[in-house]
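Structure first, then comments.
The values are calculated or read from the model by the stated rules, or taken from the named source; none is laboratory data. Please read these numbers as outputs of a predicted model, since none were measured by experiment. So basically every Cβ, Gly included, is an ideal-geometry build from the backbone, and we count neighbours across all protein chains shown. Note: accessible area is taken over every heavy atom of the protein model, side chains too, but ligands, DNA and RNA are not part of it. Shrake-Rupley method; radii C 1.70, N 1.55, O 1.52, S 1.80 Å.
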Amino acid sequence: MTPAALSGLDLLATAVVLVDAGFAVRYVNPAAENLFETSIKNVTGASLNNLFSDSAVLMAAIQYARVNNCSYTEHDLELGVSGHARLHLSCTVTPVEISGGDPGSDELLLEFRHIQQQLRIAREERILDQSQANRELIRNLAHEIKNPLGGIRGAAQLLDRELERPSLHEYTQVIMKEADRLQSLMDRLLTPHRLPQPAQLNLHEVLERVRSLILAEYGRGVVIHRDYDVSLPLLNGDKEQLIQATLNVVRNAAQAIAGGERRGGEITLRTRVVRQVTLARRRYRHALALEITDTGPGIPVTLQERIFHPLVSGREGGSGLGLTLAQNFVTQHHGMIFFESVPGNTVFTILLPVEEAGNG
């Protein structure tokens with residue numbers, strides 16, 4: 001392949017490995033470097049058999065594509081990479097003709113995709129589409145509810161002034177308090193439609209604010225660990241919205257720990273830079289990854305597909321809006337939020353793009 005063609009592969013989200021007729025590695029793109037936790041300098045010239053262990057299925061796929069001169073996809077492939085955990089991948093093998101080359105000298109392009117990552121991306125795109133529809137529905141519903149609520153509260157207030165028996169005031173107070181609670185709920189549903197007020201900010205300042213709020217609220221019942229990457233670049237975002245989004249997730253974790261059977265639960269805030277990611281159907285060279293891990297009881301399987309839907313809560317008395325609002329704020333920053341949960345280990349990941357020249 002030409003240098004120009006190779007440079008185009010650098011921007012792909014798919015992990016790409018180019019091998020020659022002798023199965024020696026000629027090129028790997030940045031996504032492949034990330035996937036296999038190696039560098040192009042370390043693998044160039046190495047044989048695929050040396051790069052991967054248990055590669056018989058991969059070699060069979062390559063031979064099939066080569067003999068039949070066609071693309072071939074192996075959908076269920078397990079590869080061992082030296083010094084790392086085994087990977088569960090799909091791989092598409094495509095013969096690449098070399099102009100003017102000798103017969104049999106053609107190269108092979110191998111495209112690797114992490115199966116779990118594919119499933120996650122598909123699920124998050126489905127959730128994103130559903131979230132947009134939910135937001136519009138909830139906004140229209142909230143507008144319709146706000147006006148009658150104001151009338152109910154006003155009527156209760158007038159009635160309260162006219163009542164002669166003090167014992168009846170208790171009932172009008174209930175009406176007013178519940179009307180106020182529903183009014184607050186409607187305001188929270190409408191709040192995410194405010195556009196972000198972006199400015200340069202340090203993500204760790206956001207996390208420290210959230211950490212101090214949670215510790216003040218839960219005291220010694222929760223231990224919060226910090227695992228920060230101090231080299232994180234500045235982020236262009238709305239500080240208050242990001243504080244609220246993160247606070248909602250961390251507060252859910254703290255509530256799960258406080259309500260669980262185990263005492264002295266832990267939350268870990270971890271930040272890292274990730275390369276070559278696709279967020280909201282757009283490609284970015286860099287993004288900031290925030291992982292919020294807790295040792296609580298986990299999210300019930302029956303709720304996991306609906307956890308970002310409005311008014312869905314796994315906690316008695318919960319409004320079911322915390323994660324919906326968090327998702328709304330994150331998507332307004334062109335980011336993504338997703339999770340993995342088993343009893344004793346729930347991890348929410350927030351990815352936020354770093355805007356820079358050449359993105360897109």
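Summary table below
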{"item": "Members of segment 305-360 that are modelled with pLDDT of 70 or more, charged (D, E, K, R) and more than 26 Å from HIS225 (Cα to Cα)", "result": "GLU305, ARG306, GLU355"}
{"item": "Identity of the residue in segment 258-268, touching a helix residue (DSSP H, G or I) at 6+ places or on another chain (Cβ under 7 Å) and at pLDDT below 90, that ends up most open to solvent (accessible area, probe 1.4 Å)", "result": "ALA258"}
{"item": "Members of segment 278-292 that are surrounded by fewer than 20 Cβ atoms within 10 Å (Cβ to Cβ) and modelled with pLDDT of 80 or more", "result": "ARG285, HIS286, ALA289, GLU291"}
{"item": "Test result for THR271, in contact with a Ser or Thr (Cβ under 6 Å, 6 or more places away or on another chain), at pLDDT 85 or above and within 30 Å of THR14 (Cβ to Cβ)", "result": "no"}
{"item": "Some residue of segment 91-98 being modelled with pLDDT under 75 and open to solvent by 50 Å² or more (accessible area, probe 1.4 Å)", "result": "yes"}
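Residue-wise test of (1) modelled with pLDDT under 85; (2) open to solvent by 10 Å² or more (accessible area, probe 1.4 Å).
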| residue | (1), (2) |
| --- | --- |
| ALA4 | yes, yes |
| LEU18 | no, no |
| PHE23 | no, yes |
| ARG26 | no, yes |
| ASN49 | yes, yes |
| SER55 | yes, yes |
| GLN63 | no, yes |
